[in-house]
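This report concerns only the one structure given below.
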Amino acid sequence: MLPLRLATRHSLFRSRRWVQSIPSFPHLNTVTEQDLAHFSKILPPTSILSTLPPRATPTDDLATYNVDWMGKYHGQANTVLRPRTTQQVSEIIKYCASQRIGIVPQGGNTGLVGGSISLQKEVVLNLGAMNNVRSFDPVSGILVADAGCILESLSNYIAPYNHVMPIDLGAKGSCQIGGNISTNAGGLRLLRYGSLHGTVLGLEVVLPDGTILDQLSTLRKDNTGYDLKQLFIGGEGTLGVVTGVSILTPPAPQASNNIFLALPHFKNILPLFQVVKRQLGEIMSAFEYIDRTAYDMALEHGLGPILDVDEVGDAQCFVLVETSGGNQDHDLEKLNNLLEHLMSADEPLIYTGTLSQSPSQFASIWALREGLTECVQKEGKPYKYDVSVPLANFQSVVDAVRERMISKGLYGDDGISKVMGYGHIGDGNLHLNVIAKHGYRPELEAALEPFIYELVASHKGSVSAEHGIGAMKAHALHYSKSDVSIEWMRKIKQVFDPLNIMNPGKVLP
Amino acid sequence: MRPSAVRLLHILVPVKRAVDYAVKIRVNPDQTGIDLNVKHSMNPFDEIAVEEAVRIRERLKDAVKSIKVVTIGPPKSAETLRTALAMGADSAIHVELPESTPSPEPLGVAKTLKAIIERQKEGVDIVIMGKQAIDDDAGQTGQMLAGLMGWAQATFASKVVVDAEKKVAHITREIDGGLEELRCKLPVVVTTDLRLNEPRYASLPNIMKAKKKPTEKLTPADLGVDLTHRLETIKVTEPPKRVGGAKVENVDQLLAKLKEAGFTTRRA
């Protein structure tokens, strides 16, 4: 049974409407007509959306900013501001601080944990209109850009100079670099280029009192005191608003290849990972995992088929390995040696696989992995858990969740229709997706949480590997962070934002 | 070549190494052609042709004796042949051209293919090839080859059924407003359309096996063909760049812009 404390708190979450389970903010004021009049002095009319008179924008027009892309979180904001300059952001925040108006900084609104959603009519500060590249140095590869630049447009901007963004994720066409940094997004290239804590060289941040903190450094080495920018990377907008970014972009790989492998059992994954790492060395740039349930789902939704059905047989899991290097012949030789080794072993680790023969095949193989998120969305309403656990436990965590749903009688078309795992083996990051075919239900959530969080904690894992905490996981923070850690996080929050106006209700429980 | 009931089928699949369709094409600075220093892969229509040849064998089993792929191109075209072998072809012929030779014109290709067919001791019963290559979009080689050989031709096939005993192929073509069915006596030249099939991915075991399959290397001189261009390319240019739109603040500005652009009111 659940401990009493958890059970009581859980009953709060049992409400069907998610918004009812969120905290209220008695210390904050909502936006009024007078406030709107003041915002109109800072911003041109085209940069303000509000349901209040005199603007009276229809509520539907605010939906893009109020509803997250999964349709899980429905925000309450009556006003959305779209500043174009850092100065405007500063003036808005200064005013909000003086009037005790809560602020939700928002990028592309592609987050998965409700971090960019207004819980109690806080004003939404959307940075999408700040979308200029400030500078790019093709020699050092250092890019300085506004926070609202869309990740893919930055990739396209630097592509002619033969550079790539150090971060890439499925939402690249909508997500913004400022949001990527505020959520410390991981994604598909983390294995190769490391986390944003390393690649971000500097930030320009507007603090919760309106002060502009300009740390837009383009230095690779700068050991002068505390590295404040690190606090805003993954700060989820609770400490300030990122308005400008300086980021180190690596040179574009001259040769890219990928292979897709079918493995008979999960237990072959770790030996395979070792062999692949050893043989490919520095050219390995991704090692992705897809379990059988996820693979079958992808095929049902028209992705693939990449492998022959008979050769795949009863394979339990699949792996996508990508290489990026400087010389196609060199990379192919390594890959061919690896494949020969894998195929000619006495007890092969794999059933079969394929090596992409053209850029289009390369893209199709990636599409199978990257398309999973959208397939999940089409299957029903997903409960998405993004956890870090030791590699060896990837499958057992997924199985444990499925078994729990079966034992509770909640597994089937009218309850949880699918439990699957995929993710980044190279980073120890598992995306556990639990699909409710006919929508979210309180008893499903009660069966999943805190069970999953406790399960992850028992493996000494993290309840949020790369999606962040947002509104969804604030109550689960303690599964991954000690009381001491949380206490010091609170102190930091208090120092930066004593009025608690920046993204209230997010991250800290 | 004397037809007889026991004769097994030999299939020839010509393939071309072309700039991959996912690559963004750029005109080279001299305006003599496009930048070729980009990723290449097998022409997608040819991939469909290889796939169809393999599927014909899967359907007819032993009645298909051989599937041979052939390409004409620089040394790197060997990669394209390897892909075809990994998909299921048995052997390959590479008519090798020196690096950076311009790719031959359709008539030159058709003559080369004719010479190759005539060299095959056991003959060729079916030639399956792409209806066009995505680089020059000429779409002529199959027809020219059929003409030179005096064979039946079935172009833009969306379905191919081969009757090995009767030595007949039934081909369905997609035409305006419906489907057209042809019955051809072998030998035949079939060109493939996009909907004929979806090519498979070469599986690892087959990629490994492909390395051991034989490739015969020839030169145009060996075949007695001349691949000199008959057409001269004068200039290659990009289409004019689209000029972006602009926002106006109000109706008056809009009207002013329209007048500027030469639009005027006309009373009926």
(request) Kindly provide the set of residues from segment A:260-276 that are within 14 Å of chain B (Cβ to nearest Cβ) and within 25 Å of the chain's Cα centre (by Cα), ordered by number. (result) A:Phe260
(request) Considering only segment B:144-169, state which residues are surrounded by fewer than 17 Cβ atoms within 10 Å (Cβ to Cβ) and more than 17 Å from B:Val124 (Cβ to Cβ). (result) B:Lys159, B:Val161, B:Asp163, B:Glu165, B:Lys166
(request) Restricting attention to segment B:208-238, report how many residues are free of Cβ contacts under 8 Å to residues at least 60 places away in the same chain and aliphatic (A, V, I, L, M). (result) 3
(request) Just need a number here: residues in segment A:297-329 that are of a type outside the set (Gly, Ala, Ser), more than 12 Å from chain B (Cβ to nearest Cβ) and either farther than 14 Å from A:Arg369 by Cβ or more than 24 Å from the chain's Cα centre (by Cα) (or both). (result) 6
(request) Specify the residue that is nearest to B:Leu145 (Cα to Cα); the eligible residues are those in segment B:190-200 that are among the charged types (D, E, K, R) and within 13 Å of chain A (Cβ to nearest Cβ). (result) B:Glu198
(request) Tell me which of these B:Ser203 doesn't satisfy, since it passes every other one: (1) crowded, with 18+ Cβ neighbours inside 10 Å; (2) under 24 Å from B:Thr83 (Cβ atoms); (3) among the small types (Gly, Ala, Ser); (4) more than 14 Å from every other protein chain (Cβ to nearest Cβ). (result) (4)
(request) Please work out which residue is nearest to the other protein chains (Cβ to nearest Cβ), limiting yourself to segment A:357-380 and to residues that are assigned to a helix (DSSP H, G or I) and of a type in the set (Ser, Thr, Tyr). (result) A:Ser360
(request) Take A:Gly353 and decide whether it is within 11 Å of chain B (Cβ to nearest Cβ) and either in a loop (DSSP other than H, G, I, E, B) or free of Cβ contacts under 8 Å to residues at least 40 places away in the same chain (or both). (result) no
(message) Of everything in segment B:177-205, what is closer than 19 Å to B:Gly130 by Cα, part of a loop (DSSP other than H, G, I, E, B) and free of Cβ contacts under 8 Å to residues at least 40 places away in the same chain? Give them in sequence order.
(response) B:Arg195, B:Tyr201
(message) Quick check on A:Tyr289: is it under 30 Å from A:Ala471 (Cβ atoms), outside the structural domain of A:His424 (by the TED database) and either at pLDDT 95 or above or in contact with a Cys (Cβ under 9 Å, 6 or more places away or on another chain) (or both)?
(response) yes
(request) Might you check whether a residue that is buried (at least 21 other Cβ atoms within 10 Å of the Cβ) and at pLDDT below 90 occurs anywhere in segment A:344-354? (result) no
(request) Please state which one of A:Leu261, A:Leu231 is out of contact with any Ser or Thr (no Cβ under 7 Å at 6 or more places or on another chain), buried (at least 20 other Cβ atoms within 10 Å of the Cβ), in contact (Cβ under 8 Å) with a residue 24 or more places away in the chain and not basic (Lys, Arg). (result) A:Leu261
(request) Note down all Cβ pairs under 6 Å where the first residue falls in segment B:102-129 and is under 12 Å from B:Val69 (Cα atoms) and crowded, with 17+ Cβ neighbours inside 10 Å, the second is hydroxyl-bearing (Ser, Thr, Tyr) and at pLDDT 95 or above, and they're at least six residues apart or on different chains. (result) B:Met129/B:Thr191
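Would you call B:Arg173 surrounded by fewer than 16 Cβ atoms within 10 Å (Cβ to Cβ) and either over 23 Å from B:Arg82 (Cα atoms) or within 14 Å of another protein chain (Cβ to nearest Cβ) (or both)?
Answer is no for this residue.
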(message) Out of the strands (runs of 3 or more DSSP E) lying entirely within segment B:1-76, which hold 1 or more residues that are on the phi < 0 side of the Ramachandran plot, more than 14 Å from chain A (Cβ to nearest Cβ) and crowded, with 22+ Cβ neighbours inside 10 Å?
(response) B:9-14, B:64-73
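Here is a yes/no grid of residues against (1) surrounded by 18 or more Cβ atoms within 10 Å (Cβ to Cβ); (2) part of a loop (DSSP other than H, G, I, E, B):
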position: A:Glu403; (1), (2): no, no
position: A:Ile406; (1), (2): no, no
position: A:Gly409; (1), (2): no, yes
position: A:Gly423; (1), (2): yes, no
position: A:Gly426; (1), (2): yes, no
position: A:His431; (1), (2): yes, no
position: A:His438; (1), (2): no, yes
position: A:Leu444; (1), (2): yes, no
(request) Residues being touching an Asp or Glu at 6+ places or on another chain (Cβ under 7 Å), farther than 21 Å from A:Phe25 by Cα and in contact (Cβ under 8 Å) with a residue 24 or more places away in the chain: count how many of those fall in segment A:38-84. (result) 2
(request) Would you mind stating whether B:Leu254 is surrounded by 11 or more Cβ atoms within 10 Å (Cβ to Cβ), over 30 Å from the mean Cα position of the chain (by Cα) and modelled with pLDDT of 90 or more? (result) yes
(request) Considering only segment A:89-197, give the strands (runs of 3 or more DSSP E) lying wholly within it that have at least 2 residues that are under 30 Å from A:Leu430 (Cβ atoms). (result) A:103-106
(request) Have a look at B:Lys185, B:Lys211 and point out the one that is touching a Lys or Arg at 6+ places or on another chain (Cβ under 9 Å) and within 14 Å of chain A (Cβ to nearest Cβ). (result) B:Lys211
(request) Mind counting the residues in segment A:315-350 that are of a type in the set (D, E, K, R) and either in contact with a Phe, Trp or Tyr (Cβ under 9 Å, 6 or more places away or on another chain) or part of a loop (DSSP other than H, G, I, E, B) (or both)? (result) 3
(request) Test A:Leu338 against the criterion of being more than 10 Å from chain B (Cβ to nearest Cβ), more than 28 Å from the chain's Cα centre (by Cα) and closer than 28 Å to B:Ser77 by Cβ, and give yes or no. (result) yes
(request) Sort out which residues of segment A:199-224 are in contact (Cβ under 8 Å) with a residue 60 or more places away in the chain and crowded, with 16+ Cβ neighbours inside 10 Å, and write them in order of number. (result) A:Glu204, A:Val206, A:Leu207, A:Pro208, A:Asp209, A:Gly210, A:Ile212, A:Leu216, A:Thr218
(request) Check segment A:167-181 and report whether any residue there is over 27 Å from A:Lys506 (Cα atoms), touching a residue at least 40 places away in the same chain (Cβ under 8 Å), in the same structural domain as A:Gln230 (by the TED database) and β-branched (Val, Ile, Thr). (result) no
(request) Pairs only if they're at least six apart or on different chains, beta carbon under 8 angstrom, first in segment A:458-474 and farther than 21 Å from A:Leu196 by Cα, second in a loop (DSSP other than H, G, I, E, B) and among the polar types (S, T, N, Q); list them, first residue then second. (result) A:Lys473/A:Ser464
(request) Say whether the condition of being crowded, with 19+ Cβ neighbours inside 10 Å, within 14 Å of chain A (Cβ to nearest Cβ), in a helix (DSSP H, G or I) and modelled with pLDDT of 90 or more is met by at least one residue in segment B:217-235. (result) no
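The values are calculated or read from the model by the stated rules, or taken from the named source; none is laboratory data. What you see is a predicted model, and the numbers here were worked out from it, not measured in a lab. Backbone-built Cβ (ideal geometry, glycine too); neighbour counts: all protein chains shown.
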